[in-house]
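Every number in this text was worked out from the coordinates using simple rules, so none of it is lab data. Computed from a predicted model, the values in this text were never measured in an experiment. Quick reminder, even Gly has a Cβ in these numbers, built from the backbone with ideal geometry, and neighbours come from all protein chains shown.
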Number of protein chains: 2
Amino acid sequence: MTIVTCRQIAPRVGEPSHNVELTVSAVRAGVDAGATVIVLPELATAGYVFANDAEVADAARSPDDALFAAWADAVRPAGAVVVGGFAERSADGAVFNSAAVVDGGGVLAVYRKTHLWDHEHEWFVAGDEPPPVVDTTVGNIGVAICYDLEFPEVTRLLALAGAELIAVPTNWPLVDRPAGERPPEVVIAMAAARVNRVAIACCDRAGIERGQRWTEGSTIIAADGWPVAAAGPGEGVASADVDLARSRNKHLAEHNDAFGDRRPELYRVAGALHDP
Amino acid sequence: MTIVTCRQIAPRVGEPSHNVELTVSAVRAGVDAGATVIVLPELATAGYVFANDAEVADAARSPDDALFAAWADAVRPAGAVVVGGFAERSADGAVFNSAAVVDGGGVLAVYRKTHLWDHEHEWFVAGDEPPPVVDTTVGNIGVAICYDLEFPEVTRLLALAGAELIAVPTNWPLVDRPAGERPPEVVIAMAAARVNRVAIACCDRAGIERGQRWTEGSTIIAADGWPVAAAGPGEGVASADVDLARSRNKHLAEHNDAFGDRRPELYRVAGALHDP
């Protein structure tokens with residue numbers, strides 16, 4: 001079994017140094033609580049509601065930044081892995097909304113968000129590489145960021161590529177929903193987990209930033225599609241013991257397999273794989 | 001607005017003549033209640049838990065069967081459309097788990113289920129044509145049958161092909177779920193509606209057949225992903241006034257469109273469109 005934890009922290013936009021410390025503390029707290037996979041929010045070190053380019057530039061870090069060495073130091077004793085969002089500055093100065101996968105040896109992979117939400121277009125360049133599945137010591141971890149999750153193609157491709165857990169750093173702006181319902185993003189994640197038979201851990205952030213209220217919807221979902229932990233309102237934690245072996249079993253019934261039953265030749269005919 | 005109704009009836013396996021009458025009565029009842037789209041369960045005229053080939057053969061009908069003329073007669077005065085499941089016998093004698101789309105002029109389309117569930121493989125041949133979107137007087141209706149719904153590619157392709165409502169005749173065998181949760185198939189339909197911004201009407205069946213208990217989960221879901229009607233336990237009805245215009249609007253935010261934001265070139269790279 002694998003202890004997965006989502007640390008629903010509250011970064012402060014415009015205070016990247018504070019946020020770096022906040023993430024390192026969150027990683028340490030996750031390790032101290034026994035977690036072997038620690039998921040942090042989208043843009044955890046940057047904040048989200050930027051006022052100007054300078055704030056973005058000030059928050060942006062390259063993958064060789066000391067930030068990631070600090071995450072690596074924090075997880076090394078436990079053999080744990082952290083997946084967390086940050087603003088990435090590339091060698092040529094472009095800035096991406098990225099997530100890093102880090103273990104005790106350092107940065108294993110960086111994914112640049114490929115589906116940008118709304119005003120993110122003003123601050124970030126969209127990535128041009130598909131979301132990765134990273135072979136770690138604790139299992140195959142797929143990575144998606146926030147709005148990526150709303151494309152069933154993304155969760156499908158990660159699962160087909162062998163993800164046992166999909167880690168989703170998010171900043172979910174609070175949207176209206178009927179009383180008693182989960183956030184719509186959680187419903188989407190539940191369905192993605194169920195149809196792909198893969199565990200999913202969404203780490204949202206907490207608080208209100210420049211008037212933007214967050215959903216505070218961090219949720220861990222097992223490979224059968226049912227939530228097993230949620231952080232609830234405010235700063236907090238969702239943690240669960242997740243059996244990643246279940247994500248490797250796509251058997252549904254005597255004659256059914258969630259992947260083997262796909263009919264890609266039919267999906268292609270109807271144009272679903274192409275632009276509308 | 002369009003009144004959509006799912007008639008959660010209880011066909012009897014081995015009694016196709018009875019079931020034909022049952023479906024005609026259900027269509028009439030839907031029309032009498034003001035519906036312009038009437039959805040019936042999967043295999044509504046056949047039953048599901050077959051004991052032998054003879055039962056399947058006895059239930060199978062061709063698309064020129066009087067059954068469909070009776071449905072057409074029932075909907076003609078109201079200008080309504082019915083989508084219902086039946087066992088189809090083709091010209092060469094093969095039998096399919098099919099759904100017909102019928103208006104007052106007769107059969108508009110027949111779809112042969114492309115993803116067969118478990119023991120259906122013993123009785124039916126899988127269809128080799130993708131699920132269709134049918135241009136009807138009440139709107140563009142996409143069709144999928146039961147297990148088809150668990151392939152996000154199917155709902156995606158129907159929505160991309162212009163479906164304003166996806167009608168899903170189903171026979172959902174009851175499966176375990178945590179207390180207080182909706183059936184998993186409904187969660188999957190909610191997510192499909194939300195990410196594709198398309199209304200979905202799933203018509204389940206009622207009762208217990210040869211020991212098989214059905215979920216009785218008929219649910220109508222609006223294009224924002226939230227259920228607007230459910231039949232509940234037993235024989236019953238789910239009906240709702242559905243604004244199909246909402247399904248034509250994929251706008252999500254100032255800079256976002258649910259379809260325009262897709263990155264098919266990335267999904268292709270990672271193999272999600274291909275066999276695992």
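Key figures for this structure:
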{"item": "Sites A:Ala57 and A:His121, calculated FRET efficiency, Cβ-Cβ separation with R0 25 Å, nearest 0.05", "result": "0.90"}
{"item": "B:Cys203 long-range amide H proximity, modeled H, under 5 Å", "result": "B:Val168, B:Thr170"}
{"item": "Kirkwood Rh, Cα atoms: Rg over Rh of chain B", "result": "0.96"}
{"item": "Relative exposure of B:Val198, B:Val101, judged by other C-beta atoms within 10 Å (fewest first)", "result": "B:Val101, B:Val198"}
{"item": "Cα centroid separation - the range B:208-260 against the range B:77-149, whole Å", "result": "19"}
{"item": "DSSP beta bridges in the protein assembly as shown [antiparallel fraction, %, rounded to 5]", "result": "70"}
{"item": "Whole-Hz couplings from phi, Karplus 6.51/-1.76/1.60, listed for the range B:136-146; x for Gly and Pro", "result": "10, 5, 9, x, 8, 10, x, 10, 9, 10, 6"}
{"item": "Candidates A:His251, A:His115, A:His18, ranked by Gaussian network fluctuation over chain A, Cα under 10 Å, top entry", "result": "A:His251"}
{"item": "Rel. contact order, % - alpha carbon contacts under 8 angstrom, at least six apart, the range A:33-177", "result": "22"}
{"item": "Cα gyration tensor, the range B:53-165 - rounded (a/c under 1.5), prolate or oblate", "result": "oblate"}
{"item": "The range A:145-209: Rg to Rh, with Rh as the Kirkwood radius over Cα pairs", "result": "0.99"}
{"item": "Amide H contacts under 5 Å for A:Val13, placed H, 5+ residues apart", "result": "A:Tyr48"}
{"item": "J(HN,Hα) series, the range A:37-42, from Karplus relation 6.51 cos²θ - 1.76 cosθ + 1.60, nearest Hz, glycine and proline x", "result": "10, 10, 10, 10, x, 4"}
{"item": "For chain B, calculated [θ]222 nm from helices alone, where every DSSP H run of n ≥ 4 adds -39500 (n - 2.57)", "result": "-7000 deg cm²/dmol"}
{"item": "At R0 = 30 Å, FRET efficiency that the Cβ-Cβ distance of A:Ala245 and A:Asp32 yields, to 0.05", "result": "0.70"}
{"item": "Phi-based couplings in Hz for the range A:46-52 (Karplus 6.51, -1.76, 1.60; Gly and Pro marked x)", "result": "10, x, 10, 8, 6, 9, 6"}
{"item": "Gaussian network model of chain B, springs between alpha carbon atoms under 10 Å - residue of B:Pro132, B:Pro41, B:Pro264 with greatest fluctuation", "result": "B:Pro264"}
{"item": "Fluctuation leader among A:Ala46, A:Ala66, A:Ala192 - chain A, Gaussian network, Cα springs under 10 angstrom", "result": "A:Ala66"}
{"item": "Length added when fully stretched, B:Thr137-B:Arg12, from 0.36 nm per residue minus Cα-Cα", "result": "41.8 nm"}
{"item": "Residue mean of other protein chain beta carbons inside 10 Å, A:140-152", "result": "3"}
{"item": "Shape of the range B:104-168, Cα gyration tensor, a/c cut at 1.5", "result": "oblate"}
{"item": "With 20 Å bins from 0: P(r) over the protein assembly as shown, alpha-carbon pairs, percent", "result": "23, 50, 23, 4"}
{"item": "Two-site label geometry, B:Glu21 and A:Asp64: point separation in nm, points 7 Å out along Cα→Cβ", "result": "8.3"}
